[in-house]
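The values are calculated or read from the model by the stated rules, or taken from the named source; none is laboratory data. Quick caveat: nothing in here was measured; it's all calculated off a predicted structure. Glycine also receives a Cβ, built like all others from the backbone with ideal geometry; neighbour counts cover every protein chain displayed.
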Amino acid sequence: MTRYVVHRVGGMILVLFLVCLFTYMVFFLLSPDPAVQICGKNCTPERIDQIRENLGLDQPFLTQFLGFLGGLFTGREYGGGTSIIECPAPCLGYSFQTSQIVTDMLVQRLPVTAVVAIGAAVLWLTAGVIGGLVSAVREGRFADRFIAALTLGGMSIPNYVLALGLQYVFVVQLQWLPFPQAVPFADDPGQWFANFILPWTVLAIGYASSYTRLTRANVIDTLGENFVRTAKAKGLQPSLVWRRHALRPALTPVVTIAGMDFAGLLGGALITETVFGINGVGKLAADSITKNDQPVIMAVTLLAAFFVVVGNMVVDLLYSAIDPRVRAGAS
Amino acid sequence: MIMRDPAAVACLAYIALIVLMAVCAPLIVRISGWDPYEFDQSAIDPDLGGIPLTGGGRGWGGISGEHWLGVEPGSGRDIFARIVYGARASMLIALAATLLTTVLGVVFGLLAGYFGGRTDMVISRVMEFLMAFPALIFMIAVLSALPADDRQYLLVVVISVFGWPYLARLIRAQTMSLKQREFVEAARASGASRAQIVFVEILPNLRSTILVMVTMAVPGYIGTEAGLSFLGVGLVPPNPSWGQMIASSVSWYSVVPAYFLVPGTFLALLVLAFMVLGDRVRAAVDPGGLL
């Protein structure tokens with residue numbers, strides 16, 4: 001097991017390093033000169049050179065990249081002369097457009113995104129597992145077909161179309177929900193909760209649909225297994241057959257995939273947060289794209305990659321702890 | 001077999017309609033009378049911030065005999081023409097991306113699965129790396145850093161680069177089991193070259209997998225293109241695209257819901273049609289549910 005863990009962690013660090021390098025390279029090669037952007041109007045060539053020097057943009061690629069990597073672990077300083085900006089580790093860069101340290105911007109917004117993500121995950125797991133169980137029990141009957149139709153719809157509707165549609169119906173027309181505005185939880189829990197209902201639903205609906213299908217398929221498979229037949233044959237109560245024998249093997253893969261999907265949620269949060277005006281990491285990314293604030297875009301990309309890679313690893317390790325065959329296959 | 005299923009036939013009909021619209025866009029627009037870039041100031045109300053005129057034979061969102069699906073608020077551009085041309089953009093991008101991912105996925109999947117060893121290791125590592133990448137966020141980042149002209153080619157390339165591993169993984173697994181079968185052994189014994197074995201013996205057996213994956217990939221890419229355009233990093237105005245129409249409807253949708261509803265419905269229905277079709281194709285070619 002130790003060998004397997006070391007192997008996986010090593011692989012994870014390599015992938016993260018490559019993601020860093022690749023992202024940095026793309027921005028280095030493709031993006032317009034940040035010095036020109038920062039300089040803005042009334043710019044002189046001398047001033048651009050000055051900015052380049054302050055930012056270290058006059059250095060070769062490798063030096064810049066190593067500086068960035070070093071900043072991640074030990075922190076670094078930006079600027080020169082009298083205006084030095086301290087950026088403690090983990091330093092993800094400095095946004096010159098907002099004059100803020102990128103790490104601080106992310107840390108401020110992460111809790112909001114966490115609320116969106118956790119709420120959505122609870123919703124889709126509950127809906128997906130219940131929907132899948134109902135479909136499996138009523139296989140081939142009306143309820144099953146009805147749920148199958150719903151899941152197809154849920155998987156096809158693009159989330160921003162759904163977001164705008166729901167907002168139009170429930171906020172503008174019916175006025176059942178208030179217009180979204182930032183309210184701290186402590187001030188008005190009811191309003192806070194009402195704000196998040198639509199974002200949670202929108203983010204959850206696609207996942208809920210695919211989880212319903214997955215649960216259904218797994219439960220039907222498990223119910224056909226010999227050990228379930230044995231349990232039934234020896235006269236166990238149907239409810240005990242379900243609880244002790246059928247559910248656990250059927251739901252383990254669902255929970256595994258949930259871990260990975262949860263880690264990859266930042267991409268979906270981007271659209272949801274933008275449409276509903278929630279001030280999380282996703283909206284930060286969208287705003288930075290509009291403003292072309294590259295250090296922030298890059299930091300969000302790296303953060304998202306970090307979640308995905310770490311999420312996959314945690315899931316793999318948990319899975320290998322449950323199922324020894326995975327370990328054997330990997331080594 | 002598929003043709004006896006009313007849902008599948010309805011989906012095919014809708015897809016055919018959109019494809020026809022995309023192919024004949026210039027012709028259709030000539031019949032409907034407005035091209036997608038033409039401003040019609042007479043269809044909007046300058047006193048109300050440019051919302052489409054209603055009343056006097058004009059319906060919801062400015063829908064009339066002249067403008068079949070209404071006009072865009074603010075500019076008065078014909079929505080029908082923009083939908084028709086937007087279909088062209090969406091379909092072209094989605095189909096080109098599907099083609100490119102399929103070629104890449106099949107080739108690399110076959111290579112990794114058939115040759116194994118070091119080839120397999122390298123290809124599998126690259127696939128793992130690409131699948132660990134936060135594809136959507138990275139696509140947005142790359143596209144935002146690139147110049148906005150010729151975005152459609154970039155969109156296709158970026159979507160495909162992150163898309164092929166999902167197909168290649170399946171192809172690889174199936175190739176690995178197919179190459180153990182007797183008919184491959186027989187071909188090898190009768191002196192077939194490696195290229196012959198891969199393309200003549202193994203590839204035809206992967207047809208149904210590829211068919212299902214392709215039908216499921218198209219709606220995904222249509223959604224991705226629309227999503228990227230919605231976020232402002234896909235096709236840029238004045239080029240019409242459904243996602244970008246939905247994006248620009250955001251600031252109007254409480255006043256002119258039709259402007260959001262029309263492209264939203266077209267897009268959702270198209271994705272749904274492909275999904276249902278993919279589902280039915282899968283049920284037809286793979287009754288055991290292995291894919």
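Yes or no, residue by residue, for (1) hydroxyl-bearing (Ser, Thr, Tyr); (2) at pLDDT 80 or above; (3) in contact with a Lys or Arg (Cβ under 7 Å, 6 or more places away or on another chain); (4) not assigned by TED's automatic domain parsing to the domain that holds residue B:71:
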position: B:202; (1), (2), (3), (4): no, yes, yes, yes
position: B:210; (1), (2), (3), (4): no, yes, no, yes
position: B:219; (1), (2), (3), (4): no, yes, no, yes
position: B:250; (1), (2), (3), (4): no, no, no, yes
position: B:253; (1), (2), (3), (4): yes, no, no, yes
Checklist entry - Any idea which of B:267, B:261 is touching a Phe, Trp or Tyr at 6+ places or on another chain (Cβ under 7 Å), at the interface with chain A (Cβ under 9 Å from one of its Cβ atoms) and either in a helix (DSSP H, G or I) or at pLDDT 85 or above (or both)? => result B:267
Checklist entry - Which one of the conditions (1) more than 24 Å from residue A:112 (Cβ to Cβ); (2) away from chain B (no Cβ under 14 Å) does residue A:279 fail to meet, given that it meets all the rest? => result (1)
Next on the checklist: Which residue is surrounded by the most Cβ atoms within 10 Å (Cβ to Cβ), if the candidates are limited to region A:125-149 and must be of a type in the set (Lys, Arg) and away from chain B (no Cβ under 14 Å)?
Outcome noted: A:138
Checklist outcome for this item: Here the residues within region B:232-244 that are within 7 Å of chain A (Cβ to nearest Cβ) and either among the acidic types (Asp, Glu) or surrounded by fewer than 24 Cβ atoms within 10 Å (Cβ to Cβ) (or both) are B:232
Next on the checklist: Please count how many residues of region B:144-156 are more than 9 Å from chain A (Cβ to nearest Cβ) and surrounded by 16 or more Cβ atoms within 10 Å (Cβ to Cβ).
Outcome noted: 5
Next on the checklist: Can you confirm whether residue B:138 is part of a helix (DSSP H, G or I), of a type in the set (Phe, Trp, Tyr) and over 15 Å from residue B:234 (Cα atoms)?
Outcome noted: no
Checklist entry - Would you pick out the residues in region A:166-177 that are over 23 Å from the mean Cα position of the chain (by Cα) and surrounded by 13 or more Cβ atoms within 10 Å (Cβ to Cβ)? => result A:168, A:169, A:170, A:171, A:172, A:177
Checklist outcome for this item: Listed by range, helices (runs of 4 or more DSSP H) wholly within region B:146-243 having at least 1 residues that are closer than 30 Å to residue A:285 by Cα and either among the acidic types (Asp, Glu) or touching a His at 6+ places or on another chain (Cβ under 7 Å) (or both) are B:207-230
Item to check | Residues of region B:111-135 classified as away from chain A (no Cβ under 14 Å) and touching a residue at least 24 places away in the same chain (Cβ under 8 Å), total | outcome: 6
Next on the checklist: If I ask for residues that are within 7 Å of another protein chain (Cβ to nearest Cβ), in contact (Cβ under 8 Å) with a residue 40 or more places away in the chain and under 17 Å from residue A:269 (Cα atoms), which ones from region A:150-175 would you list?
Outcome noted: A:155, A:157, A:160, A:164
Checklist outcome for this item: Contact list, first residue from region A:196-217 and within 25 Å of residue A:274 (Cβ to Cβ), second anywhere and of a type in the set (D, E, K, R) and modelled with pLDDT under 90, beta-carbon distance below 7 Å, six or more apart or interchain, is A:207/A:261
Checklist entry - In this structure, does residue B:247 turn out to be buried (at least 22 other Cβ atoms within 10 Å of the Cβ), in a helix (DSSP H, G or I) and not aromatic (Phe, Trp, Tyr)? => result yes
Checklist entry - Across region A:202-244, what is the number of residues that are part of a helix (DSSP H, G or I), basic (Lys, Arg) and more than 14 Å from chain B (Cβ to nearest Cβ)? => result 4
Checklist entry - Do we have any residue at all in region B:191-206 that's in contact with a helix residue (DSSP H, G or I) (Cβ under 7 Å, 6 or more places away or on another chain), under 30 Å from residue B:169 (Cα atoms) and within 14 Å of chain A (Cβ to nearest Cβ)? => result no
Item to check | residue A:247, sole failed condition from (1) surrounded by fewer than 19 Cβ atoms within 10 Å (Cβ to Cβ); (2) within 14 Å of chain B (Cβ to nearest Cβ); (3) not polar (S, T, N, Q) | outcome: (2)
